[in-house]
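See below for the structure under consideration.
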Amino acid sequence: MDATVCHATRTATGRCDWTRTRSRGGYFRNAVYRHWDPYEAIPAELLAQDRERLIDSDWTDEEFRGFRASIAKFGAGEEAVTEDLAPLAIALDDIDDGMFVSSQIYEEAKHAVFFDRYWREVIDPVAEARGIERLPPTDEEFFNDAYVQLFDRTEAAMHRLLEDGENTVHNRVVAYCHYHLAVESVLAQTAYYGYQAQYSDTGPEFDQFEDGTRTELDGLIEGITRIRSDEGRHVGFGMRKVQEHIEAGDVDEVIIRETLQELLPHIAGIVDDGQYDTDFDSTPLVEYASEKLSRRIEIITSRDAELPPRRGAGPDQGRRGGRCRLSRSRGPRDGLVAGDVPTADVGLAGRRALQQ
Ligand SMILES: [Fe+2]
Ligand SMILES: [Fe+2]
């Protein structure tokens, strides 16, 4: 065990010393306060509405296949991160961190449940109504090389922490970069952004949807909005951990830049798949991913950056000094994460990587 592991919140018997715990819950308390039920919070009626709208839509079969593949990627991603987070829960010694990662594993499982529901209640029935072969969400048709590469690398970075002598600060920071920053922050946030633009009138305006052809999928957006709120907390935790290690001088910030920029081509390859013959222009999404990655690097390496509060956001918490972006916002469904401020560019190499 390395010298930077925090023992300050444990007694001599190994139990948590609550009188010395730095934040008495921190992000964990935020997770408890914002709990939601994936079986009940998104009504079956709303998913049925999505199903009917997709059956009645004028989408081509290729457009539906492309949409189905994106749902499959989301669902598989949630399952993968549920499994891959366990090594971090074992590697971390601080009780606050352990409690939070436990809640995160639970939340990733909830996200997987939502996408499983969406597959069974929307995707399969629509495929059947259209006369398209039903496929399991694990079918290899849905996963291109970029996707497989990114998640294989993330799995390796997480499971490395369980190997003899490998639970080091450096390796934990690399794990956060893969999991919390590349997958949860850049890739997932880009996908949410794209869904809201394509399937909600509350999302960003894309030129390609200005002619009123958007099919609104309220059930999907309701689920995504709740998931996004959880993910904002996950990303905030990961960013804070990385930033703490940089400020303590445990690691050089170049590790963050190198790791994220190495993963950029894989993220771009997922966003700009091109497997299905549709008119969708992925340029705005590729640009969004590039900007999101730039923000993450800038925020983490800036001493003045604003991160979500360690104290979490119960009904009476997190309102001091404007530090709490999660609690002062539009309520439990806002989905804001640390770093949503303008920052420097990712650089020419990063842009080239994204455009390949
Ligand atoms: Fe998730
Ligand atoms: Fe997450």
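Taking label points 7 Å from Cα along the Cα-to-Cβ direction, E216 and S302 give a separation of 3.5 nm. Identify the residues of segment 69-88 with backbone N under 14 Å of a label point that sits 7 angstrom from the Cα of E291 along the Cα-to-Cβ direction, or state none. Once the point is set 7 Å along Cα→Cβ of E291, nothing inside segment 69-88 turns out to lie under 14 Å by backbone N.
For segment 58-107, the equivalent ellipsoid derived from the Cα gyration tensor has semi-axes of 36, 9, 5 Å, listed largest first. Calculated FRET efficiency, A44 to H159, Cβ-Cβ distance, R0 = 41 Å: about 0.65 to the nearest 0.05. Tell me which trypsin sites (Lys or Arg not before Pro) from segment 242-308 have a DSSP coil assignment and no more than 10 other beta carbons within 10 Å of their own. Those satisfying the criteria are R303. Size descriptor for segment 123-182, Kirkwood hydrodynamic radius: 14.0 Å (Cα pairs only, one decimal). Potential lengthening of the chain between A248 and A129 amounts to 37.0 nm, from the contour at 0.36 nm per residue minus the alpha-carbon distance. Rg/Rh for segment 36-136 stands at 1.11; both radii use Cα atoms, and Rh follows the Kirkwood definition. Label separation (E52 vs Q149): 4.5 nm, computed from points 7 Å beyond Cα along the C-beta direction. For the peptides 87-95, 164-172, the ranking by packing is 87-95, 164-172, with the highest mean count of neighbouring Cβ atoms within 10 Å listed first. Hull volume per residue, based on the alpha-carbon atoms of segment 96-156 and their convex hull, is 89 Å³.
Using the Kirkwood formula on the Cα atoms of segment 73-219, what hydrodynamic radius do you get, in angstrom to one decimal? Evaluated on segment 73-219, it is 17.4 Å.
Each reported figure results from applying straightforward, stated rules to the coordinates on display, with no laboratory input. Note that the structure is a prediction, hence the values are computed from the model and not measured. Backbone-built Cβ (ideal geometry, glycine too); neighbour counts: all protein chains shown.
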